[in-house]
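Undergrad: Take a look at this one; I'll ask things after.
The values are calculated or read from the model by the stated rules, or taken from the named source; none is laboratory data. As the structure is a prediction and not an experimental result, all values here were calculated from the model. Reconstructed Cβ throughout: ideal geometry from the backbone, glycine too, with neighbour counts over all protein chains shown. The accessibility values were calculated without ligands, DNA or RNA, using every heavy atom of the protein model including side chains. Shrake-Rupley method; radii C 1.70, N 1.55, O 1.52, S 1.80 Å.
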Amino acid sequence: NYIIVNKRKYLINIPVLKSELRTNIKDILVDQSKGWKSKFSKTVSQSYSNHQHYEDLNELINYILSLKTKKLSEYNIKIIKFISRRLNIKTQFLCSSDLNVSQMRTHKLINILNELNANEYVSPIGAKDYLTGDKFENLTNIRLSLNEFNGKEYNQFKQKEFIKNLSIIDVIANLGWKNSELYIRNLLGKI
């Protein structure tokens with residue numbers, strides 16, 4: 001995820017322990033020795049503390065800091081569900097690990113889609129090369145749609161030029177929960 005630090009795009013992340021390439025995402029462990037929570041909190045707070053909606057963002061920061069888990073996937077799932085609730089996004093969440101599917105990459109994806117009786121898969125544009133390389137469309141009758149997401153500009157505090165493709169952290173800091181909900185609903189109407 002990217003945020004703005006010193007008027008530039010800056011990558012924030014949760015460090016993970018090294019693992020074998022074939023390790024399932026659900027089994028990737030967070031490297032707790034890196035003190036990432038302190039660095040995350042300090043970086044985000046310093047970058048956004050003067051923003052109009054910092055209190056809304058601080059609610060998210062405090063939630064993230066309160067999480068106690070060893071697995072990266074659990075952090076992601078809990079954070080996504082928290083943000084979805086705060087933005088009044090009502091959807092069903094499923095973990096592929098809860099489905100009876102196997103295989104790797106595109107074959108696993110197709111098995112998941114079949115398990116869910118899907119007739120279309122909407123994929124981010126970044127997956128296009130591996131999906132077409134694996135011949136997704138030759139392996140299934142499920143329609144592949146590529147979503148090249150382009151967010152709408154919003155006012156970013158003290159930025160002369162809009163920096164796109166940032167984390168929801170930037171949206172919340174600049175718009176607050178209520179206006180972020182409206183912003184997202186407006187985008188969803190266009191997808």
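Undergrad: Looking at the range 81-108 only, could you name the residues that are under 30 Å from residue 133 (Cα atoms) and either surrounded by 12 or more Cβ atoms within 10 Å (Cβ to Cβ) or among the charged types (D, E, K, R) (or both)?
TA: 96, 98, 99, 101, 105, 106, 107, 108
Undergrad: Is the range 28-39 home to any residue that is part of a loop (DSSP other than H, G, I, E, B) and at pLDDT 95 or above?
TA: Step one: list which residues in the range 28-39 are part of a loop (DSSP other than H, G, I, E, B), which gives 28, 31, 35.
Retained after the next criterion (residues that are at pLDDT 95 or above): 28, 31.
Yes, the conditions are met somewhere in the range 28-39.
Undergrad: Answer with yes or no whether residue 66 is surrounded by 11 or more Cβ atoms within 10 Å (Cβ to Cβ) and over 16 Å from residue 181 (Cβ atoms).
TA: Considered against the rule, which asks whether it is surrounded by 11 or more Cβ atoms within 10 Å (Cβ to Cβ) and over 16 Å from residue 181 (Cβ atoms), residue 66 comes out as no.
Undergrad: Turning to a different aspect of this structure: Quick one: residue 155 ticks every box in (1) among the polar types (S, T, N, Q); (2) open to solvent by less than 90 Å² (accessible area, probe 1.4 Å); (3) more than 20 Å from residue 80 (Cβ to Cβ) bar one, so which box is it?
TA: (2)
Undergrad: Cβ-Cβ under 8 Å, sequence separation 6+ or interchain: first residue in the range 63-81 and touching a residue at least 60 places away in the same chain (Cβ under 8 Å), partner of a type in the set (Ser, Thr, Tyr). Which pairs?
TA: That search, which allows pairs on different chains as well, returns 75/69.
Undergrad: Could you go through the range 40-55 and let me know if any residue there is within 20 Å of the chain's Cα centre (by Cα) and among the charged types (D, E, K, R).
TA: No, the range 40-55 contains no residue that is within 20 Å of the chain's Cα centre (by Cα) and among the charged types (D, E, K, R).
Undergrad: Consider only pairs whose beta carbons are under 9 Å apart and that are at least six residues apart or on different chains; among these, list those whose first residue lies in the range 154-168 and is among the hydroxyl-bearing types (Ser, Thr, Tyr) and whose second residue is open to solvent by 80 Å² or more (accessible area, probe 1.4 Å).
TA: That search, which allows pairs on different chains as well, returns 167/1; 167/2.
Undergrad: Any chance you could count how many residues in the range 130-147 are surrounded by 13 or more Cβ atoms within 10 Å (Cβ to Cβ), over 15 Å from residue 112 (Cα atoms) and under 24 Å from the mean Cα position of the chain (by Cα)?
TA: Total satisfying the criteria: 3.
Undergrad: Here is a further query. For the subset of the range 29-46 comprising residues that are open to solvent by 30 Å² or more (accessible area, probe 1.4 Å) and touching a strand residue (DSSP E or B) at 6+ places or on another chain (Cβ under 9 Å), which member is farthest from residue 169 (Cα to Cα)?
TA: 29
Undergrad: Now for a different question. Being farther than 30 Å from residue 103 by Cα, touching a Lys or Arg at 6+ places or on another chain (Cβ under 7 Å) and either of a type outside the set (Ser, Thr, Tyr) or not in a loop (DSSP other than H, G, I, E, B) (or both): is that true of residue 60 here? Lay out the reasoning, then the answer.
TA: Working: farther than 30 Å from residue 103 by Cα: yes; touching a Lys or Arg at 6+ places or on another chain (Cβ under 7 Å): no; either of a type outside the set (Ser, Thr, Tyr) or not in a loop (DSSP other than H, G, I, E, B) (or both): yes.
Considered against the rule, which asks whether it is farther than 30 Å from residue 103 by Cα, touching a Lys or Arg at 6+ places or on another chain (Cβ under 7 Å) and either of a type outside the set (Ser, Thr, Tyr) or not in a loop (DSSP other than H, G, I, E, B) (or both), residue 60 comes out as no.
Undergrad: Could you please give the count of residues in the range 131-190 that are of a type in the set (D, E, K, R) and within 30 Å of residue 40 (Cβ to Cβ)?
TA: Going residue by residue through the range 131-190, those that are of a type in the set (D, E, K, R) are 134-135, 137, 143, 148, 152-153, 158, 160-161, 164, 170, 178, 181, 185, 190.
From what's left, within 30 Å of residue 40 (Cβ to Cβ): 148, 152-153, 158, 160-161, 164, 170, 178, 181, 185.
Adding up the residues that qualify gives 11.
Undergrad: Mind checking which residues of the range 165-191 are exposed (fewer than 15 other Cβ atoms within 10 Å of the Cβ) and under 15 Å from the mean Cα position of the chain (by Cα)? Quick ask: steps written out before the conclusion?
TA: Filtering the range 165-191 down to residues exposed (fewer than 15 other Cβ atoms within 10 Å of the Cβ) leaves 165, 178, 182, 185-191.
165, the sole residue that qualifies.
Undergrad: Let me ask something additional. Would you check if residue 57 is surrounded by 12 or more Cβ atoms within 10 Å (Cβ to Cβ), within 23 Å of residue 188 (Cβ to Cβ) and either in contact with a Gly (Cβ under 9 Å, 6 or more places away or on another chain) or of a type in the set (Ser, Thr, Tyr) (or both)? Explain how you work it out, then say what you get.
TA: Values: surrounded by 12 or more Cβ atoms within 10 Å (Cβ to Cβ): yes; within 23 Å of residue 188 (Cβ to Cβ): yes; either in contact with a Gly (Cβ under 9 Å, 6 or more places away or on another chain) or of a type in the set (Ser, Thr, Tyr) (or both): yes.
When the stated conditions are applied, residue 57 passes them.
Undergrad: From (1) at pLDDT 95 or above; (2) surrounded by 13 or more Cβ atoms within 10 Å (Cβ to Cβ); (3) more than 30 Å from residue 161 (Cα to Cα); (4) under 19 Å from the mean Cα position of the chain (by Cα), pick out the condition that doesn't hold for residue 113.
TA: Among (1) at pLDDT 95 or above; (2) surrounded by 13 or more Cβ atoms within 10 Å (Cβ to Cβ); (3) more than 30 Å from residue 161 (Cα to Cα); (4) under 19 Å from the mean Cα position of the chain (by Cα), the lone unmet condition for residue 113 is (4).
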